[in-house]
Amino acid sequence: MKKISIFFISLFLISIVVLLSNCKKDKTTTPAPTTLQITFNNSLGNAVQGASVKLYSSQTDWTNGTNQIGTTQTSDASGKVTFSNLQSIVYYWWAQQDCMNNYNGSAKVVNPLTANATNTVTCVLSSTGTVTFTSTSSNPYDCYINGTRQFTLNGGLSQSVYYLPVGAYTFRVLQLSGYVLTPTDETFNSNIVCDQTTTITFP
């Protein structure tokens, strides 16, 4: 009788071990998603809530605003947005709230994302405006901003420069041809204002 009891107990224990072993074999671990978390601050270091953020996988798509990855995110009270289920590549983003944007700040992660981890980055949004050069002459002019040549503007045309940080600027126009003795060389001092267009009309 004891031998039978020992036999059944042994059989029972073996069954338990087999069941536990099978459970361990069936148990699989799901890898963590690859995530990008971006924190947006203003120039004072304060969190920017309500910024609209779009993600792209190439600089060409970022420039053209095409092939957006996922849906547009909105930064929370801490200035954060999170994009999940990404690839281990370099990503680019465009963020904007009113006239603040990241055009003059960081627009991409420096290195490919670390797979199966939360990748974090901080981005500063700055206030910007636009300047438009308008020529009433029939002659071509070189247009400068703070001493740096931007482009040549042919007569009777207008051309704009977007996303200039707000502040005081010096604008210069230099006539290239059509003059008798000396070219027209004019300097204008003006401010770039948040979400507004400053127009430089010449000569």
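The values are calculated or read from the model by the stated rules, or taken from the named source; none is laboratory data. None of these values were measured; they are calculated from a predicted model. All Cβ positions, glycine included, derive from the backbone under ideal geometry; neighbour counts span all protein chains shown.
Annotations
- Residue in the stretch 189-198 that is surrounded by 14 or more Cβ atoms within 10 Å (Cβ to Cβ) and assigned to a strand (DSSP E or B) present: yes
- Any hit, the stretch 71-94, residues being closer than 21 Å to G129 by Cα and either at pLDDT below 95 or not assigned by TED's automatic domain parsing to the domain that holds D195 (or both): yes
- Restricting attention to the stretch 133-177, the residues that are within 21 Å of N191 (Cβ to Cβ) and among the hydroxyl-bearing types (S, T, Y) total 9.
- For Q97, the requirement of being surrounded by fewer than 13 Cβ atoms within 10 Å (Cβ to Cβ), outside the structural domain of L164 (by TED's automatic domain parsing), in contact (Cβ under 8 Å) with a residue 40 or more places away in the chain and not basic (K, R) is not met.
- Take the conditions (1) out of contact with any Phe, Trp or Tyr (no Cβ under 6 Å at 6 or more places or on another chain); (2) in contact (Cβ under 8 Å) with a residue 60 or more places away in the chain; (3) outside any loop (DSSP other than H, G, I, E, B); (4) surrounded by 13 or more Cβ atoms within 10 Å (Cβ to Cβ); T201 misses just one of them, which is (4).
Every residue, every condition in (1) surrounded by fewer than 20 Cβ atoms within 10 Å (Cβ to Cβ); (2) touching a Leu at 6+ places or on another chain (Cβ under 6 Å); (3) part of a loop (DSSP other than H, G, I, E, B), yes or no:
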{"position": "T71", "(1), (2), (3)": "yes, no, no"}
{"position": "Q87", "(1), (2), (3)": "yes, no, yes"}
{"position": "V90", "(1), (2), (3)": "yes, no, yes"}
{"position": "Y103", "(1), (2), (3)": "yes, no, yes"}
{"position": "N116", "(1), (2), (3)": "yes, no, yes"}
{"position": "T120", "(1), (2), (3)": "yes, no, no"}
{"position": "T130", "(1), (2), (3)": "yes, no, no"}
{"position": "F133", "(1), (2), (3)": "no, yes, no"}
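- The stretch 144-198, residues that are within 29 Å of the chain's Cα centre (by Cα) and either among the aromatic types (F, W, Y) or not assigned by TED's automatic domain parsing to the domain that holds F133 (or both): Y144, F151, Y162, Y163, Y169, F171
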